[in-house]
Amino acid sequence: MSSLPFASYSAPDVQKSFTVDAANPRYQSTDGSTTGPSPHVLNAGQIDRDKPAPPRTNPDGQMTALGSLRAHLTGLQDDINHFLTDRMEQAKRKRARVQSEEQNNSVDHNEATKY
């Protein structure tokens, strides 16, 4: 039995492990949700010429070991990309909230010093 790939993310505020569920269809394809061109690029009329080939299969229809590894890694990369995108969005919201609070505090301070 072969071992499945995995990944770990570590930051001061969070630890995250990423694992492959080989039975889940998202780990059985090389057509990842985050590995192609962005919707913006596609909407601009570009064609995805670099789309990866599907995983190779044996004559019996089963994925080869390398095909399976490629599919597992594509799913794992999608998981990591989604996680990191969520973290970046959280950081943006936090930064915007802090800036808004600082502006409100500055306005309150300026109003208080007028009198």
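The figures follow:
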| quantity | calculated |
| --- | --- |
| Reciprocal of mean inverse Cα separation for segment 1-67 (Kirkwood radius, Å) | 15.0 |
| Relative contact order for the chain, counting Cα pairs under 8 Å that sit 6 or more residues apart, in percent | 26 |
| Principal-axis tilt of helix 65-114 within the chain, Cα atoms, nearest 10 degrees | 0 |
| Choice from 86, 31, 48 with maximal GNM fluctuation in the chain (Cα, 10 Å cutoff) | 48 |
| At 1.306 mPa s and 10 °C, Stokes D of segment 6-114 from Kirkwood alpha-carbon radius, µm² per second | 90 |
| Cα→Cβ-extended label distance, 7 Å offset, between residue 35 and residue 18, nm | 1.1 |
| Separation in nanometres of the label points that stand 7 Å from Cα toward Cβ, at residue 69 and residue 85 | 2.7 |
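Every number here is computed from the coordinates shown, using simple stated rules; none is lab data. Keep in mind the model is a prediction, meaning the values are calculated, not measured. Heads up, the Cβs are rebuilt from the backbone with ideal geometry, glycines too, and the neighbour counts pull from every protein chain shown.
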